[in-house]
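The values are calculated or read from the model by the stated rules, or taken from the named source; none is laboratory data. Bear in mind that the values here come from a model prediction, so they are computed numbers and not experimental data. Note that we place each Cβ from the backbone using ideal geometry, even for glycine, and neighbour counts take in every protein chain shown. Areas reflect the complete protein model, heavy atoms only, side chains present, ligands, DNA and RNA absent. Shrake-Rupley method; radii C 1.70, N 1.55, O 1.52, S 1.80 Å.
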Amino acid sequence: MKPFFLISFLYLTFGAVSSSSQQYESIFNFGDSLSDTGNFLLSGALAFPVIGKLPYGETFFRHATGRSSDGRLVVDFIAEAFGLPYLPPYLAITGGKDFRHGVNFAVAGATALDSQFFYERRIGKLLWTNDSLSVQLGWFKKLKSSLCTSKQDCENYFKKSLFLVGEIGGNDYNYAFFIGGSIKQLQASVPLVVGAITTAASALIEEGAVELMVPGNLPIGCSAVYLTLFGSPNKADYDPNGCLKAFNAFSKFHNNQLKLALEGLRQKYPHARIIYADYYGAANRFFHAPRHYGFFSGTLTACCGGGGPYNFNNSARCGHLGSKACKDPSAHVNWDGIHLTEAAYRHIAKGVISGPFSTPTVTSS
Ligand SMILES: *[C@@H]1O[C@H](CO)[C@@H](O)[C@H](O)[C@H]1NC(C)=O
Ligand SMILES: *[C@@H]1O[C@H](CO)[C@@H](O)[C@H](O)[C@H]1NC(C)=O
């Protein structure tokens, strides 16, 4: 009798824990390739069509879904944690489809600032997509009338919705860094990027959002593409984990400004709960203690790529001729040089949902 009793006791305990954390009934997500679950592919954009075929998607879905990874993304793990279905990409929504549990507006390559900003600076042609954060917000506004009707109805519905605003902004910097922008120049654009993010968050609150999560940027100095493009002969440019110090400091610079801006939003909208998700901290653990998270093969080298010291080769990127994927993506942090593996995203999601990488914590209400 005793073992059986113990098992049912544990079962009940865990059951209680998971049901008490089920406070969201829907999720609305805005962002870029870190959370796009199909919009970029559906938009017909051709800049990076390889995400539409294997090995993208090989680990979990066993086929390509338009996710820039081998499997699930942070947003998928967040949906799972709240017992919700994976969010349908906005561009896949047709008449009869049920999207009461949420919609994903993220588009790979999207920027926080509007494409006009980049066209005015003559780098618009580099953009993979024009579907910036404000375009995604427009999509949400268009869809809103099919989600709820009266003010009261919307209020009740959005009270139980989580609005994920980001990660977004990483591309605003990527495009400029990749064509030779300096860290100093890019620092000057941080307030604009952060401003675009907080403008979108404010607009969502005005539309009725009360539960928002805004993630910061990843440690880009540990990313295979940055390590390849900005490698340095000077050992002092690297931290003890082998990451580029100056670029990680840039991510922190953005994140600190974002955190300050969110504090301002909390004061402006005291009724809203605005959570900062520390993707930087959650991911930085991987580079500090990779084995603890199961990352046994090269923490900084991409799983899928076309050679080079970090297995990132711009002439043979993952999915293109001359590249191949590693045998065990779960032993790698980095998937294709730019994006992370499902294994890494799972740990980030866990670190955000169960702490300590969200402020205030996700589960306490
Ligand atoms: C973005 O918009 C510009 C004009 O505003 C257009 O020339 C360009 O083709 C668009 N890019 C994409 C990827 O749709
Ligand atoms: C990068 O890819 C190109 C094209 O496949 C190849 O010729 C080159 O040798 C690769 N570079 C490295 C460092 O593997």
* Cα Rg, Dmax (largest Cα-Cα span) when computed across the chain, Å -> 20.2, 74
* About the Cα centre, charge dipole magnitude for region 110-238 (Lys/Arg +1, Asp/Glu -1 at Cβ), debye -> 180
* Within straight-line cross-link reach of residue 252, aspartates and glutamates at Cα separation under 18 Å, skipping those fewer than 8 residues along the same chain -> 167, 172, 237, 239, 263, 278
* To do: Determine the shape class of region 231-363: with a ≥ b ≥ c the square roots of the Cα gyration tensor eigenvalues, call it rounded for a/c under 1.5, and otherwise prolate if a/b is greater than b/c, oblate otherwise.
  => prolate
* Amide proton proximity set for residue 275, modelled H, under 5 Å, gap of 5+ -> 212, 213, 214
* Asked: residue 324: which lysines have alpha carbons under 28 Å from its alpha carbon, excluding same-chain residues fewer than 8 sequence positions away?
  -> 53
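Which order, highest average first, do 321-334, 26-39 follow once you tally other Cβ atoms within 10 Å for each residue and take the mean per peptide?
Averaged packing, sorted descending, gives the order 26-39, 321-334.
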* Would you list, by chain and number, the aspartates and glutamates whose Cα falls below 12 Å from the Cα of residue 327, excluding same-chain residues fewer than 8 positions away? => 58, 70
* Convex hull volume per residue for region 205-251, taking Cα atoms only, in Å³ -> 101
* Asked: In the chain, carbon and sulfur make up what percent of the accessible area (probe 1.4 Å)?
  -> 59
* To do: Would you grab the residues whose amide H sits under 5 Å from the one on residue 341? Only those 5+ places off in sequence or on another chain, please, with H modelled 1.01 Å from N.
  => 334, 335
* Where a ≥ b ≥ c are the square roots of the eigenvalues of the C-alpha gyration tensor, would you call region 244-284 rounded, which needs a/c under 1.5, or, failing that, prolate if a/b is larger than b/c, or oblate? -> oblate
* What shape does region 58-114 have by the C-alpha gyration tensor, where a ≥ b ≥ c are the square roots of the eigenvalues, rounded means a/c under 1.5, and otherwise prolate means a/b greater than b/c and oblate the rest? -> rounded
* To the nearest 10 square angstrom, how much accessible area does residue 121 have with a 1.4 angstrom probe? -> 130
* Structure fact -> Inverse of <1/r> over all distinct C-alpha pairs of region 19-144, i.e. the Kirkwood Rh in Å, gives 15.1
* To do: Work from the charge dipole of region 110-197 (Cβ charges, +1 for Lys and Arg, -1 for Asp and Glu, about the Cα centre) and give the residue of 190, 139, 169 farthest towards its positive end.
  => 139
* Would you mind working out the accessible area per residue for the chain, using a 1.4 Å probe, and quoting it in Å²? => 44
* Could you please state, rounded to a whole Å, how far the C-alpha centre of region 55-95 is from the C-alpha centre of region 211-257? => 26
* To do: State the Cα centre-to-centre distance between region 117-138 and region 162-180 in whole Å.
  => 11
